[in-house]
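Bear in mind that the values in this text are calculations on the coordinates, not laboratory data. Keep in mind it's a predicted model, so treat the numbers as computed, not measured. Don't worry about glycine lacking a Cβ; one is built from the backbone with ideal geometry, like all the others, and counts go over all protein chains shown.
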């Protein structure tokens, strides 16, 4: 895919301005170097360096079109998924795509078969596996549904169904994704002990539960407090209870040649239990806590109350408070400066602040319009409702972790 001269060109220009490179080389002809292809590779490395922090530093690794990269898993979430596998397992990926998940799966398992109907992506994946010196893979250019029918048995089958229709518009229903997992589920269970599905973070959890039988685990995975994907583990035997995992990935590092993932995780067994009535009537303590988006999506507030010595401000506010600082909280932590009336008059001295609304009758934009408070700065304002139904504004400073 890349010859030695092209590798050197990419390596020497990783930090160069791609617009200037295009201007300089757009008319230059060289039989040994496809300048436009190389410059595009440099551009993709720059654009997606946050999503693929380690792969974009390699000059021999090849990236596909920008759209394929936007739809692909990040290195962070791919590594988390690899932690769900057991060493020595075999895996069939029926929707390999660009193969980021498979690259991390191959670090853990003994054998992986990657099925992809786009020939260009298959060739690219095979080339990149060779560059990474992975020997436990097989790339297959085929239709996933057709291949599944004749496939051997595996320990795990992984699917990341395409969530776009024929017109490239996003779809969120399971049955609208390609391939349609609901239609294939019986065949999938006959071919593997466990199926792992990657679904849209926009999907309703109850809808997922109702769609599939024998779900053992549901993972709501966020990166830096932005919900990225929902992972569903389905077994080929009866499951009594679902385990929920709220995950917020903080960072990824390379130490002594090994990759490490830093993340917070809350496990919860019964998501839809009735919430306890332990919230404050009107008191606010020294510290304020906002759970990360994975916990908010699951509603796993009882799990937090079981773990920490704090209390909830209101049943529907989903904010917590304590007198003693909780270290490594699964979300954002703030030091409370003061509590104010939520009227614009009481906030006229604040010119700039970050505003969050929780269980409050006005939106952030409406509050900004009325108060004229500009976005940003060190102050954080939480407009919320206390246990005695009082509407209030809590002025805070964020605690850096």
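Compute the length gained on full extension between residue 308 and residue 120: take 0.36 nm times their separation in residues and subtract their Cα-Cα distance, giving the result in nm to one decimal. Before the final figure, lay out each step's value.
Numbers: separation 188, 0.36 × 188 = 67.68 nm, distance 5.08 nm.
That pair, residue 308 and residue 120, stretches by 62.6 nm at full extension.
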**Report entry** Contour minus Cα-Cα distance for residue 27 and residue 60 (0.36 nm per residue)
**Finding:** 9.4 nm
Report task. Could you tell me whether the range 4-47 comes out rounded, prolate or oblate from its Cα gyration tensor? Rule is a ≥ b ≥ c as square roots of the eigenvalues, rounded for a/c under 1.5, then prolate if a/b exceeds b/c, otherwise oblate. Result -> oblate
Requested in this report: For the chain, calculate the relative contact order in percent as a whole number, restricting contacts to Cα pairs under 8 Å that are 6 or more residues apart.
Outcome: 8
Query raised in the report: Relative to the longest principal Cα axis of the chain, at what angle does helix 35-47 sit, 0 to 90 degrees, rounded to 10?
Result: 20
Query raised in the report: Going by how many other Cβ atoms sit within 10 Å of their own, how do 91, 62 line up, fewest first?
Result: 62, 91
Query raised in the report: Counting other C-beta atoms within 10 Å, which of 37, 104 has the fewest, and how do the rest follow?
Result: 37, 104
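Could you order peptides 127-133, 238-244 by the average number of other Cβ atoms within 10 Å of their residues, highest first?
127-133, 238-244
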Requested in this report: Pop a pseudo-label 7 angstrom from the Cα along the beta-carbon direction at both residue 212 and residue 316 and give the gap in nm to one decimal.
Outcome: 3.2
Query raised in the report: Cα centroid distance between the range 312-368 and the range 385-401, in Å?
Result: 3
Query raised in the report: What residues from the range 327-355 fall in the zone where the backbone N is under 18 Å from a label point 7 Å along the Cα-to-C-beta line of residue 369?
Result: 343-345, 355
Report summary line: From fewest to most C-beta neighbours within 10 Å, the residues 60, 160, 93, 302 line up as 60, 302, 160, 93
Requested in this report: First check a/c for the chain, with a ≥ b ≥ c the square roots of the eigenvalues of its C-alpha gyration tensor; if it is under 1.5, answer rounded, and if not, answer prolate when a/b is larger than b/c or oblate otherwise.
Outcome: oblate
Query raised in the report: Looking only at 194, 332, 283, which one moves most when the chain is put into a Gaussian network model with springs between Cα atoms under 10 Å?
Result: 283
Query - Value at 222 nm in deg cm²/dmol, rounded to 500, when DSSP H runs of n ≥ 4 in the chain each add -39,500 (n - 2.57) - result: -7500 deg cm²/dmol
Report task. Please give the FRET efficiency for residue 341 paired with residue 16, using the beta carbon to beta carbon distance and R0 = 56 Å, rounded to the nearest 0.05. Result -> 0.50
**Report entry** Separation of alpha-carbon centers, the range 94-150 and the range 190-229, rounded to whole Å
**Finding:** 22
Requested in this report: Please figure out what share of the DSSP beta bridges in the chain is antiparallel and state it in percent, rounded to the nearest 5.
Outcome: 60
Report summary line: Residue separation between residue 142 and residue 182 times 0.36 nm, minus their alpha-carbon distance, gives in nm 12.4 nm
Report summary line: With a ≥ b ≥ c from the Cα gyration tensor eigenvalues, square-rooted, and the rule rounded for a/c under 1.5, otherwise prolate when a/b > b/c and oblate otherwise, the range 69-268 is rounded
Query raised in the report: Using the beta-carbon distance between residue 283 and residue 107 and R0 = 35 Å, what value does 1/(1 + (r/R0)^6) give for FRET efficiency, to the nearest 0.05?
Result: 0.10
Query raised in the report: Going 7 Å from the Cα of residue 173 toward and past its Cβ, which residues in the range 182-209 have a backbone nitrogen under 12 Å from where you end up?
Result: none
